[in-house]
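See below for the structure under consideration.
The values are calculated or read from the model by the stated rules, or taken from the named source; none is laboratory data. Predicted model, so just to flag it, every value in this text is computed and none were measured. Every residue, glycine among them, receives a Cβ derived from its backbone with ideal geometry; neighbour counts consider all protein chains shown.
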Amino acid sequence: MNENSDFSFENKNNKIKDQLMSQMLPPSSSNNLTYGSQVVTGDGMIALDLVVVIDTSGSMSDESSDLSKEVDDAIQAALEKCPSKLRVTFLGIEGTWDDTKFDQSASDYLKALGVPENRLQARNPFKEADGRDHAGNKEDLCRAVIDLSKYFDWRDGARRAIFVLGDEGMEGGGGVLTNDAVRKNDEAISVAQNEKVKVYTYQGTPDDKITNLDRFPSIADRDSITKEYERLAKQTGGRSYIYTTGIAQFSLVLQEILCDSLTLPNIPKPDEKTSNCSQICAQLTSIISTVNTLAGIINKTIDSCCKEEWSNHHIPAKDRDC
């Protein structure tokens with residue numbers, strides 16, 4: 001039996017398990033199933049699979065803790081506003097976070113489904129140019145999106161969404177945008193689009209300590225990487241959440257994602273031009289003010305040019321030169 005048939009067989013087994021589980025314990029708001037890194041709940045008409053996957057390098061410890069604390073309340077609040085048959089899975093990128101919901105790595109989850117390790121883009125620890133391990137494999141956000149989009153056990157007919165969180169570059173971390181990172185983001189976008197997965201991105205507060213070898217050299221470098229987070233979300237129909245200088249309200253972020261994920265991804269066309277109507281409306285007040293100012297200037301010019309004729313009221317208007 002070849003590798004492909006092995007994988008297909010595993011997939012069939014997993015689908016059968018999912019069907020049996022749903023028959024035994026149908027998800028409902030009064031029956032929340034929590035096993036390992038997964039929560040199943042809700043009784044809405046639309047099924048939604050959301051994968052929350054996070055960078056497991058040291059600088060993301062606060063986000064992993066805060067998110068885990070707020071997620072249960074956020075889920076219940078979202079289900080009241082946007083009912084769904086919800087399954088949320090929490091995974092770490094090549095690692096886990098103790099005492100949080102992120103107690104399983106993305107690659108371990110996929111391998112447990114029967115996905116061969118050599119098919120995954122997830123990397124083992126590696127050394128950078130300086131000979132040190134910067135935990136870059138724990139910051140491979142794009143690779144995680146690619147692997148999960150392709151191989152996650154999405155339920156038949158369910159909406160698909162990935163919420164990926166990091167604070168540095170999305171290909172091995174770091175504070176400088178590289179060509180490799182741009183290309184890997186291109187690939188992640190393409191795969192997510194093909195698999196009809198909406199990707200939501202989060203960029204958190206970076207570690208700016210002088211001891212951090214991967215800190216952003218400049219604000220311009222940080223902004224370049226931020227644009228890649230935004231691009232991944234926009235090109236897959238998702239949304240980006242940028243908190244490089246603030247603290248996220250994860251409960252509100254999660255509620256928005258859980259509701260927005262119920263709609264199918266609206267993928268922008270390559271050459272599609274953005275409408276300028278909203279920009280015009282936003283600047284309408286200043287446009288009117290400018291027009292009024294110009295009108296006043298024109299009136300004053302006319303008064304100046306035609307001062308003598310305007311003073312001769314006996315001259316009929318049709319006979320005036322002005």
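Evaluation of residue 175 against the conditions (1) farther than 27 Å from residue 109 by Cβ; (2) assigned to a helix (DSSP H, G or I) shows that the sole unmet condition is (2). Among the residues of the stretch 136-164, those that are of a type in the set (A, V, I, L, M, F, W, C) and farther than 29 Å from residue 45 by Cβ comprise 141, 142, 144, 146.
Being under 18 Å from residue 258 (Cα atoms) and at pLDDT 95 or above is true of residue 196. What pairs can you find where one residue is in the stretch 114-132 and more than 17 Å from residue 56 (Cα to Cα), the other is hydroxyl-bearing (Ser, Thr, Tyr) and modelled with pLDDT of 75 or more, and their Cβ atoms are less than 6 Å apart, with a gap of 6+ or different chains? Hits for this filter: 115/151; 120/107.
Residue pairs whose Cβ atoms lie under 6 Å apart, separated by 6 or more positions or on different chains, with the first residue in the stretch 191-206 and touching a residue at least 24 places away in the same chain (Cβ under 8 Å) and not assigned by TED's automatic domain parsing to the domain that holds residue 161 and the second crowded, with 24+ Cβ neighbours inside 10 Å and among the polar types (S, T, N, Q), do not occur. Taken over the stretch 122-157, the criterion of being modelled with pLDDT of 90 or more, under 19 Å from residue 183 (Cα atoms) and either surrounded by fewer than 21 Cβ atoms within 10 Å (Cβ to Cβ) or outside the structural domain of residue 91 (by TED's automatic domain parsing) (or both) is satisfied by 150 alone.
Considering the stretch 45-72, and only residues there that are buried (at least 16 other Cβ atoms within 10 Å of the Cβ) and modelled with pLDDT of 90 or more, the residue that is farthest from residue 106 (Cα to Cα) turns out to be 46. Among the residues of the stretch 106-113, some residue qualifies, meaning at least one is closer than 18 Å to residue 172 by Cβ, at pLDDT 80 or above and either in a helix (DSSP H, G or I) or not assigned by TED's automatic domain parsing to the domain that holds residue 255 (or both).
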